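Data first, discussion second: the structure below is written as C-alpha cells.
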Amino acid sequence: MQAGPDNKNDFSKGSIVWNIMKLAVPMTLAQIVNVLYNIVDRIYIGRIPDYATLSLTGLGLCLPVVSIVMAFANLFGMGGAPLCSIERGRGNTEEAEKIMGNSFVMMLVFGVLLTVTGLVVKKPMLYLFGASDQTFPYADSYLSIYLLGSLFVMIGLGMNSFINSQGFGKTGMLTVLLGAGVNIILDPFFIFVLRMGVRGAAVATVISQGLSALWIFCFLTGKRTILKLRLSCMRLEKQRVKQIVALGFSGFTMGFTNSLVQIACNATLQQFGGDLFVGIMTVVNSVREIVTMPVQGITHSSQPVMGYNYGAGEYRRVKQAITFSSVSAVIYTAVVWILINLFPEFFIRIFNQDTELVAAGVHAMRIYYFGFFFQSLQFAGQAVFVALGKAKHAIFFSIFRKVIIVVPLTLLLPHLWGLGSFGVFAAEPVSNLVGGTACFVTMLLTIMPELNQRGSAGP
C-alpha cells in the first residue's frame, strides 16, 4: 500500500527557485570541495622541488583512470538517486529504499573489480595513455595507491547522490567537506614532511575518501535520513538493477567518455608536443574541473526537484525548474569564459610556475575555453533528461559530444593548417557548440511539449 508523498523536503510546495537553491548552494560548495581531492594534489605536486612538472604530468596521466572510477560511481549513484526522487514523489518509500540498497551493492561489487583490474593492467595502460619513460614512474607511484581506494571513491561519490536527492544538501556538503579537509591537511604532511612525493598525495586521498565513505554509511543507516540503507533492501532484483543502470548510463558515459577524451588528448599531445603539452592539458583539465562545479551544482540540484514534481504530477513546476537552471547555467559560464580569456595566466599559475609551461599554456587556455557558455547547454539538457528518467536521450548526447565530435577532432585537427598541439585544444569549443546546442534544442522539442500536454490534461 502506497502512502502519499512525505511532507519532509516536499519539493512540490514553495518557490521552485528556493527549492533548487536550497540544494544548489550546499551541493555546489560540496562539489567544489570534492574536486579539491585531486586539485589540491595537483597544486602541491606542482610545487615539488626539482621535478614538479614531471610529477604533475605523471598525475595527469592518471586522470583517465580517476574518470573511469567516477563513471562507475555515477552509473549507480546518478542512476538510482533520480529514481528514488520519483518514487518518493509518488509516496512509494519502500521501493525507493530498495533502489538505494541495490545501488549500494553494485557500487561495492564494481569497486572491488576496478581495483583488481586496474592493478593488473596499469603499466601498459599508462603507456597507452601517453606516458613516457620520464613520466611513468610518477604516474605508477600515484595510481598504484589510488586504486586501493577505489571502493571508497565509489561509495563517497555514488551514495552521496542519495543524500542530496532526499533534500539533505547540507549533509551532502559536510560529506565532502570532511574528506577534502582531511586531504588538504594530510597532503603537505605526506608529500613534503615525509618526502613521499606523488605517493604521499595518493595516500592522503585514499584516507580522506575512506572517511567520507564512513560518514555516508553512518548517515544513511541512522535516524535522520528519510530513506534508510537496509540490509533487507540489498537483495539484487534484475528489473530494478536494469532501471538503475539504464538511467545511470548517461552519467556513466559522461565519465567514461571524459576518460576516452583524456586518453586521446594525452596520446596526441605526446606525439605533437611531448611531456610539456601533456602537462598543459593537465592544468587545463584542472581549471575546467573547478569552473564547471557551480554549473553542475545548479543543474544537478535541479534534478531532485524536477523528478519529485514530475512524479507528483506538478508539470508546471517542472518547467519552472528547467527555465531557472538553464538560464542560470548560461549566465554563469558566460562570465567564466570572460574571466579566463582576460586572465589565463592567473589560472595556470595556480598549478604550475614553470615559465615555458605558462607561456604555451596561455594560448592553449584561450582556445580551449572559447565559447565556453555552450557547454552549459549540454549540462542543462542532460540534467532534464536524467531527472525525468529519459535514459536514451541522456545516453545519446553523452556519447554524441565526446565520442562522435571530440575524439575524431582531437586526432584530426593537429594535422590541419599547422595547428599541431593547439589543434587538440581546439576540439573542445567545437564540441561545445555542436553538442551542447543539439542536446538543449532536442530537450526543448521533446520534453516541453510532453509537459504542456500532461499539464493541460490535468490530474
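The values are calculated or read from the model by the stated rules, or taken from the named source; none is laboratory data. This is a predicted model, so every value here is computed, not measured. Calculation scope for accessible area: heavy atoms of the full protein, side chains included, ligands and nucleic acids excluded. Shrake-Rupley method; radii C 1.70, N 1.55, O 1.52, S 1.80 Å.
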request  = With all protein chains present, calculate the accessible area of residue 314 using a 1.4 Å probe and round the result to the nearest 10 Å².
outcome  = 70
message = Angle check, please: helix 374-387 long axis (alpha carbons) against the longest principal axis of the chain (alpha carbons), in degrees 0 to 90, nearest 10.
response = 40
ask   = Which whole-angstrom value gives the distance between the alpha carbon centres of the range 375-430 and the range 247-276?
value = 11
query = How big, on average over all directions, is the shadow cast by the Cα convex hull of the range 32-116, in nm²?
reply = 7.0
query = What accessible area per residue comes out for the chain, rounded to a whole number of Å², with a 1.4 Å probe?
reply = 39
ask   = In whole percent, how big is the carbon plus sulfur part of the accessible area of the range 85-186, probe 1.4 Å, protein atoms only?
value = 71
task = Specify whether the C-alpha gyration tensor of the range 243-312 places it in the rounded, prolate or oblate class, a ≥ b ≥ c being the square roots of the eigenvalues: rounded for a/c under 1.5, otherwise prolate if a/b is larger than b/c and oblate if not.
result = oblate
task = Put one equal scatterer on each alpha carbon of the chain, apply the Debye formula with no solvent term, and list log10 I(q)/I(0) at q = 0.13 1/Å to two decimals.
result = -1.17
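Counting only C-alpha contacts under 8 Å and six or more residues apart, can you give the relative contact order of the chain as a whole percent?
On the way: 789 pairs, mean separation 105.8, N = 459.
Taking the mean separation of contacting Cα pairs over the length of the chain, I get 23 percent.
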Apportionment of accessible area to carbon and sulfur, the range 401-459, percent (1.4 Å) = 73
Accessible heavy-atom area order of 363, 300, highest first, probe of 1.4 Å = 363, 300
task = Round to the nearest 10 and give me the degree value, 0 to 90, for the angle of helix 355-368's Cα axis relative to the longest principal axis of the chain.
result = 40
remark   = Expected field for residue 242, accessible surface area in Å² at 1.4 Å probe radius, rounded to 10, holds 130
request  = Could you please put 417, 18, 337 in sequence from largest to smallest accessible area, using a 1.4 Å probe?
outcome  = 417, 18, 337
ask   = Any idea what angle helix 293-311 forms with the longest principal axis of the chain, computed on alpha-carbon atoms, 0 to 90 degrees, nearest 10?
value = 20
message = I'd like the carbon and sulfur percentage of the solvent accessible area for the range 202-270, probe radius 1.4 Å, heavy atoms only, ligands and nucleic acids excluded.
response = 66
